[in-house]
Amino acid sequence: MSDPIVVAGSGLAGYTLVRELRRLDASAPVVVVTRDDGAVYSKPMLSNALAAGRTAATLATADAAGAAAQFGASVLAGQPIEAIDPAARALRLASGERIAYRALVLALGADPIRVPLEGDGAGDVLTVNDRADYARFRDAIEAAADVTILGAGLIGCEFANDLRLSGRNVRVVEPAAWPLGRLVPQTVGDAFAQRLREAGVELRLGATATSIARRAGGGYRVRLTGDEAVDTDVVLSAIGLRPRTALAAAAGLRTNRGIAVDRLLRSSDPAIYALGDCAEVDGLVLPFVMPLMHAARALARTLCGEETRLRYPAMPVVVKTPAAPLTVAPPPPDASGAWECIAGADGSLEASFIDAQGTLLGFALLGGTPAARQALSRRLPAVLD
Ligand SMILES: Cc1cc2nc3c(=O)[nH]c(=O)nc-3n(C[C@H](O)[C@H](O)[C@H](O)COP(=O)(O)OP(=O)(O)OC[C@H]3O[C@@H](n4cnc5c(N)ncnc54)[C@H](O)[C@@H]3O)c2cc1C
């Protein structure tokens, strides 16, 4: 029997690929190797699970054995991969076991970025990027009345709204002048901030945390630039993510911001592919669900013998902040053009990024109807055609 297709990672990227593979080929041997517990879950739910009363356990829809049965695959859970040997087409696990592959798919995700902080509490700062992190976070906030979040990006704002809905005081510390600075223009950022404030979220914009000290009676003192200090029970960092490239780089694969792959999702080694948060596809790192779904569909066909170039349509992202419902489709980073904002009679705010030819290249819609969102989405060009 030929060696299996080995999928490294059991997040949305890894398991979506296996599901797509099974649609096309019921019998090809597939092995999933993962260092976590191999449970199936939807990561975006981590930032709206509190108000929904979900625990780490109830977020999982199947455990590793259930996933193996569902996908007709072997799932090796709790097995960190230590090295890839491209010449031998084999992986080495931390346990010492070697696994040969005919094709290897890296779906290793990304690590939370940590900013350097002074103080004896700096090591206690939490991040939430998987179910195990969420379990620790739930334990930490059990008795907490006040939570400080570092970073007002998409994930920081979603946690702020969710924590507020669960009845806690929430403060978000952000160096930029408005939240979601990489995704929306200032007019939308200001209006979004206003709605979060009205929901009771405290936003400290233009501020940076410099040190976190443990307090004698419990909790932390967070010192901000300008020598201001705030006392809080829990500190959560949501600064951003960095693709996990170390295994690939150590194996001699080309890496840049992510594991560099072409439109076939193929790395610089012809038998190794990558998708999801760890991958840089044709120069783009897009750590969201829609890109990995498109990548999984295309890659499954390629692995089944029908070479399929990845195409990304426009992929707007819905920000899960019920206090300030927002959909964003940021323009490409190198695009030239200008934002135009229109306030709707229904209280919505629509910002369009338009180039010199009058083409819509991105948008941000605060409030508004699903129909308005769809109309804007339809006018956007494909991200990768
Ligand atoms: C809180 C939060 C909310 C989000 N909300 C949204 C949203 O609303 N909409 C949206 O589009 N996107 C959202 N995202 C992003 C989206 O969830 C991710 O893009 C997606 O889940 C990434 O999936 P992945 O499989 O690439 O990575 P992961 O889910 O991180 O999976 C990586 C896998 O690799 C395994 N692994 C890593 N290293 C090793 C190793 N050495 N050996 C073996 N296994 C290893 C891990 O155990 C894990 O199974 C959100 C992200 C977060 C954190």
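The values are calculated or read from the model by the stated rules, or taken from the named source; none is laboratory data. Owing to the predicted nature of the structure, the values given are computational and were not obtained by experimental measurement. Heads up, the Cβs are rebuilt from the backbone with ideal geometry, glycines too, and the neighbour counts pull from every protein chain shown. Side chains included, ligands, DNA and RNA excluded: accessible areas come from the protein's heavy atoms. Shrake-Rupley method; radii C 1.70, N 1.55, O 1.52, S 1.80 Å.
Less than 5 angstrom separates the built amide H of Ala83 from those of Arg92, all sequence-distant by 5 or more or on a different chain.
Each helix, a run of at least 4 DSSP H residues, gives -39500 (n - 2.57); summed and divided by the residues of the chain, these come to -7000 deg cm²/dmol at 222 nm.
What the phi angles of region 68-79 give under the Karplus curve with 6.51, -1.76 and 1.60, with θ = phi - 60°, is a coupling list of 4, 5, 4, 9, x, 9, 7, 10, 9, 8, x, 10 Hz, glycine and proline written as x. Computed with a 1.4 Å probe over protein heavy atoms only, the accessible area of Ser211 comes to about 20 Å². Using a probe of 1.4 Å, the accessible surface attributed to Met290 totals some 90 Å² when neighbouring protein chains are kept in position. In angstrom, the C-alpha Rg and Dmax of the chain are 21.9, 66.
Measuring max minus min along each principal axis, the C-alpha atoms of region 236-324 give extents of 47, 30, 18 Å (largest first). Over all orientations, region 325-379 has a Cα convex hull whose mean projected area works out to 3.6 square nanometres.
Highest mean packing first, where packing is the average number of other Cβ atoms within 10 Å per residue, the peptides 354-361, 153-160 line up as 153-160, 354-361.
At the listed q of 0.24, 0.26 Å⁻¹, the Debye profile of region 1-75, built from one uniform point per Cα, gives log10 I(q)/I(0) equal to -1.07, -1.20.
Residues in region 194-201 carry Karplus couplings, in order, of 4, 5, 5, 4, 4, 7, x, 7 Hz; the curve used is 6.51 cos²θ - 1.76 cosθ + 1.60 with θ = phi - 60°, and Gly or Pro positions show x.
Scalar couplings 3J(HN,Hα) for region 87-103, obtained by applying the Karplus form with A = 6.51, B = -1.76, C = 1.60 to θ = phi - 60°, are 5, 8, 6, 8, 10, 10, 8, 4, 6, x, 5, 10, 10, 7, 9, 8, 9 Hz; x denotes Gly and Pro. Amide H to amide H, with H built 1.01 Å from N, Gly362 comes under 5 Å of Phe353, counting only residues 5 or more places away or on other chains. Expressed as a whole percent, the accessible surface of the chain that belongs to carbon and sulfur atoms is 50, based on a 1.4 Å probe.
Residues in region 325-379 average 53 Å² of solvent-accessible surface per residue, probe 1.4 Å, ligands and nucleic acids excluded. In this structure Asp190 has an accessible area near 70 Å², from a 1.4 Å probe over the protein heavy atoms. So what's region 162-293 giving for Cα Rg divided by 2.2 N^0.38 Å, two decimals? This ratio for region 162-293 stands at 1.41.
Given a Förster radius of 25 Å and the C-beta distance between Asp139 and Glu202 as r, what FRET efficiency does 1/(1 + (r/R0)^6) yield to the nearest 0.05? Using R0 = 25 Å, I get an efficiency of 0.55.
Counting only the Cα atoms, region 161-211 fills a convex hull of 78 Å³ per residue. Amide H contacts for Val105 (H built 1.01 Å from N in the peptide plane; partners 5 or more residues away or on another chain; cut-off under 5 Å): Val6, Val7, Ala8, Tyr273. Taking each pair of different alpha-carbon atoms in region 114-237 once, compute 1/r for the pair, average those values, and report the inverse of that mean as the Kirkwood hydrodynamic radius in Å to one decimal. With all distinct Cα pairs of region 114-237 included, I get 14.6 Å.
Volume per residue for region 1-159 equals 152 cubic angstrom (convex hull of Cα atoms). Sorted into 10 angstrom bins from 0, the C-alpha pair distances of region 264-380 split as 12, 36, 29, 17, 5, 0 percent. Compute the distance from the alpha-carbon center of region 304-334 to that of region 244-281, in whole Å. Distance between centres, Cα-based: 21 Å.
The listed peptides 180-188, 291-299, ordered by packing as a protection proxy, come out as 291-299, 180-188 (highest mean of other Cβ atoms within 10 Å first).
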